[in-house]
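Undergrad: Handing you a structure now.
The values are calculated or read from the model by the stated rules, or taken from the named source; none is laboratory data. Everything numeric in this text was worked out from a predicted model, so none of it was measured. When we count neighbours, we look across all protein chains shown, and the Cβ atoms used for this are built from the backbone with ideal geometry, even at glycine. Quick note on the areas: whole protein, heavy atoms, side chains included, nothing else; ligands and nucleic acids left out. Shrake-Rupley method; radii C 1.70, N 1.55, O 1.52, S 1.80 Å.
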Amino acid sequence: MSEEFKVIQPTTKVYCPERGEGWTLTGITGIDEQTSVMFSGVRYTISAKKIVEELLPNYIKMNNKA
């Protein structure tokens, strides 16, 4: 990942195979942050790195298949 990081806004949709579709509750401004994500009404704290490298691409892939 490059050192330049784009800000990810709150309410960005993500997808986790175990928890389903969710969205960020807080924005992400750095890769080393911990971020709140809501899945099915349950709040989880997940690393920004996992969101950027896994959950966000999962959501994009899922929606490009439609």
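Undergrad: Around TRP23, which amide H atoms from residues at least 5 apart in sequence, or from another chain, sit under 5 Å from its own amide H, with H modelled in the peptide plane?
TA: VAL14, MET38
Undergrad: Quick one: 3J(HN,Hα) in Hz for the stretch 30-36, Karplus 6.51/-1.76/1.60 with θ = phi - 60°, rounded, Gly and Pro as x.
TA: Working through the residues one at a time gives x, 5, 8, 7, 9, 10, 7 Hz.
Undergrad: I'd like to compare 40-46, 52-58, 17-23: which one has the highest average count of other Cβ atoms within 10 Å, and what's the full order after that?
TA: Highest to lowest by the protection proxy: 52-58, 17-23, 40-46.
Undergrad: While we're here: How many percent of the alpha carbon pairs in the chain exceed a separation of 14 Å?
TA: For the chain, the fraction of Cα-Cα distances above 14 Å is 53 percent.
Undergrad: Per DSSP H run of n ≥ 4, the term is -39500 (n - 2.57); total these for the chain, divide by its residue number, and report the mean residue ellipticity at 222 nm rounded to 500 deg cm²/dmol. Walk me through the intermediate numbers first.
TA: Working: 1 runs with 9 residues, N = 66.
One gets -4000 deg cm²/dmol as the mean residue ellipticity at 222 nm.
Undergrad: Using a probe radius of 1.4 Å on heavy atoms only, what accessible surface per residue do you get for the chain? Whole Å² is fine.
TA: 68 Å²
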